[in-house]
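The structure appears below as structure tokens.
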Amino acid sequence: MMAPFFKYGLFGDEFSLIVAFVTGVGMGFFLERAGFGNARLLAAQFYFRDLRVLKVMFTAIVTAMVGLYVLGGFGLMDLSLIYLTPTFLAPQIVGGIILGIGFIIGGYCPGTSCVSAVTGRIDGMVYVAGMIGGLLGFAEVYPSIERFARSTGMGKITLPQLFDVPYGLLVFAVVLMALGAFVAAEWAEKKLGGKVPAAGSLLEPTLRVTPVRAFAVSLVALGAFAAIGGSPYRSPVGKVDVRELALEAGTKTDHVSAPDLADWIIEGRNDFILVDVREAKDFAEYHIPGAINVPLASLSGDFADRNERIVFYSDGGIHAAQAWLLLRSLGYRGVYLLFGGLEEWKDSVLFPTAPAAAASASEQIAFAKRAAVSKYFGGAVQGASASPGPAVPTAPKLTPAVPTDAPASPPPAAAKKKKKEGC
Amino acid sequence: MTDSTVPPPSPKPHMNPYWAGFGLGLVLLASYVVMGRGLGASGAFTTGVATAVHAIAPAHAEANAFYQEYLGDGTSSPLKDWLVFEVLGVFAGGFLSGVLGNRLKFTIEKGPRIGIVARLLMAAVGGALMGIGAKLALGCTSGQALTGGAALNVGSWAFMMCVFGGAYGLAWFLRRAWL
């Protein structure tokens with residue numbers, strides 16, 4: 001099993017919308033169950049009368065955080081594939097304060113206002129209308145505040161990376177902090193809100209092991225396990241299943257021929273990453289259009305996600321094959337090799353040799369296509385009689401630029417613009 | 001002696017907050033495992049707003065980078081979006097839970113010392129501020145605090161602290177509205 005399922009292509013966009021609806025039903029159900037359709041109950045959080053907001057939120061965060069840790073730690077899920085909203089510190093601090101002020105004035109947040117409105121709360125409906133007005137206003141002034149909204153960018157960064165502490169240790173710290181906050185919250189409810197700790201609370205006066213207490217203890221136990229367990233992200237130390245890889249290498253299913261690659265590029269296919277593993281100076285001299293340069297010596301998985309299709313090439317093919325093995329050992333599935341490397345690319349795509357004059361008509365037609373492809377990539381046809389020797393004698397100097405006079409085929413399409421994944 | 005009008009069943013008590021949180025956390029975890037992404041709410045409304053503006057004034061929407069982010073590349077309807085379908089589910093799930101808990105009721109949730117007009121005005125103003133804050137922060141309590149919180153995202157935690165800070169900071173001045 002390899003999660004996240006969607007990122008590994010187990011189902012498509014259409015089915016993901018069904019997943020979205022079902023996920024939303026679960027979210028709305030538990031928000032309403034928790035009493036979050038009621039603004040008074042939500043606002044009670046800020047007067048220490050009923051600290052449900054804190055309890056629900058942090059229990060949910062801790063549950064999901066520990067769950068992610070366990071799944072990642074046991075290798076069932078690749079955490080590097082989950083969407084992480086990039087951090088823009090200043091706008092997020094200001095936005096958080098504005099949102100907090102909106103929360104205490106309006107009594108809801110966006111998610112809770114939905115369940116409030118749908119259960120008949122008129123204030124919830126008015127709140128949703130107000131939110132739509134706020135979004136419209138924000139969008140209209142966005143051009144003038146864009147600079148601030150995109151300032152202090154820190155990229156996709158997690159707390160363990162920022163503070164340089166082991167991931168698992170931070171998981172444990174958050175679990176302990178949450179439980180401390182729950183106990184403090186129940187104490188505050190009793191002291192300031194005059195609420196007697198009820199059954200199902202951590203501080204209920206009995207000494208029994210209640211389900212809630214058992215839940216708390218198991219979270220602490222998992223947190224303690226995390227504290228010594230290290231990082232749930234995959235490390236750069238790879239693992240190889242020799243039999244599986246040997247079988248795969250033997251069947252040659254991982255090969256891409258030079259003419260096929262040429263067709264993909266001309267078609268504008270963008271479902272693969274073409275990677276040149278030669279030195280930077282060789283890359284600067286010539287590379288296949290659309291390729292990126294990742295010299296073998298500096299190869300790590302950083303340039304692509306594990307669910308992406310990668311085609312490696314080098315001069316002959318040895319370095320590309322080594323890169324193939326390295327990435328396969330890191331758990332990348334869709335890794336391919338340009339068969340014969342750049343040499344084959346030159347021989348069969350850039351400088352194809354014309355067939356002898358006596359060749360059949362079908363050979364002549366096939367060659368015409370190859371000649372067009374060659375022209376597309378800025379190459380030239382070699383005469384049949386011109387290359388009797390073993391080496392390529394007079395290959396013209398190559399230019400790295402893509403020629404613009406594409407023949408029958410359209411130019412490579414720009415990478416499809418993805419819709420944003422965040423909130 | 002029978003009464004012809006049956007009184008509506010009284011609302012059931014709310015769920016224990018820890019178990020509700022556990023349930024919500026499992027929903028979030030499942031979303032991560034299946035989709036590789038977490039929950040959200042405000043983004044769906046933004047997509048709705050962007051689509052409506054684009055329908056009314058296409059040139060205006062296309063000139064604005066913010067609307068553009070929510071309109072996609074035009075190959076399919078922007079409303080065929082993950083968050084839009086998720087929020088439709090939130091409405092459905094909230095309704096379902098409301099039915100099961102006998103909590104469906106046309107009413108206004110407010111403190112005893114505030115009038116109806118004032119309460120609704122506050123709801124509108126609070127909603128508007130929430131919309132602005134959520135877009136500045138790249139997410140709301142669901143998309144940032146909950147989702148990013150579980151992934152130990154730096155911005156999400158900074159955001160979460162500021163939400164509580166902002167709300168607690170102003171709570172005392174607004175006590176007449178809620179208590």
Checked against (1) surrounded by fewer than 22 Cβ atoms within 10 Å (Cβ to Cβ); (2) within 7 Å of chain A (Cβ to nearest Cβ); (3) of a type in the set (S, T, N, Q), B:THR51 satisfies every condition except (2)
Which of the residues spanning segment A:239-262 are aliphatic (A, V, I, L, M) and at pLDDT 90 or above? A:VAL256, A:ALA258, A:LEU261, A:ALA262
Taking B:THR147 and the conditions (1) surrounded by 24 or more Cβ atoms within 10 Å (Cβ to Cβ); (2) at the interface with another protein chain (Cβ under 7 Å from one of its Cβ atoms), which numbered condition does it fall short on, given that it satisfies the others? (2)
Would you confirm, using the coordinates I've provided, whether B:VAL125 is in contact with a Gly (Cβ under 8 Å, 6 or more places away or on another chain), in a helix (DSSP H, G or I), within 7 Å of chain A (Cβ to nearest Cβ) and of a type in the set (Val, Ile, Thr)? yes
Tell me, yes or no, whether segment B:3-26 has at least one residue that is more than 7 Å from every other protein chain (Cβ to nearest Cβ), more than 25 Å from A:PRO211 (Cβ to Cβ), of a type in the set (D, E, K, R) and assigned to a helix (DSSP H, G or I). no
Can you spot a residue in segment A:263-274 that is assigned to a strand (DSSP E or B), surrounded by 15 or more Cβ atoms within 10 Å (Cβ to Cβ) and at pLDDT 90 or above? yes
Subset of segment A:77-106 that is assigned to a helix (DSSP H, G or I) and more than 7 Å from every other protein chain (Cβ to nearest Cβ) - its residue that is farthest from B:SER31 (Cα to Cα): A:ALA90
Count, please, the residues in segment B:150-179 that happen to be more than 7 Å from every other protein chain (Cβ to nearest Cβ) and of a type in the set (Phe, Trp, Tyr). 2
Options A:VAL165, A:VAL183; residue that is β-branched (Val, Ile, Thr), over 27 Å from A:LEU71 (Cβ atoms) and more than 9 Å from chain B (Cβ to nearest Cβ): A:VAL183
Which numbered condition in (1) within 20 Å of A:GLY130 (Cβ to Cβ); (2) touching a Ser or Thr at 6+ places or on another chain (Cβ under 7 Å) is the only one that B:ALA124 fails? (2)
Where a residue in segment A:43-54 is of a type in the set (Ser, Thr, Tyr) and its partner, wherever it lies, is part of a helix (DSSP H, G or I) and surrounded by fewer than 22 Cβ atoms within 10 Å (Cβ to Cβ), with Cβ under 8 Å and at least six apart: A:TYR47/B:ALA171; A:TYR47/B:ARG175
Filter segment A:54-76 down to residues that are aromatic (Phe, Trp, Tyr) and crowded, with 22+ Cβ neighbours inside 10 Å and give me whichever is nearest to the other protein chains (Cβ to nearest Cβ). A:PHE58
Please determine whether any residue of segment A:138-149 is within 7 Å of chain B (Cβ to nearest Cβ), under 30 Å from A:ALA227 (Cα atoms) and at pLDDT below 95. no
Matching entry among B:GLY115, B:GLY98, B:GLY127, B:GLY169 (being crowded, with 24+ Cβ neighbours inside 10 Å and outside the structural domain of B:GLY43 (by TED's automatic domain parsing)): B:GLY127
Search segment A:70-91 for residues that are of a type in the set (A, V, I, L, M, F, W, C) and pair each with any residue that is part of a helix (DSSP H, G or I) when their beta-carbon atoms are under 6 Å apart and the residues are at least 6 apart or on different chains. A:MET77/A:LEU71; A:LEU79/A:GLY72; A:LEU81/A:LYS7; A:ILE82/B:TYR32
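The values are calculated or read from the model by the stated rules, or taken from the named source; none is laboratory data. The structure presented is a predicted model; accordingly, all values stated were derived computationally and were not measured. Positions of Cβ are generated from backbone atoms using ideal geometry, with glycine treated the same way; all protein chains shown enter the neighbour counts.
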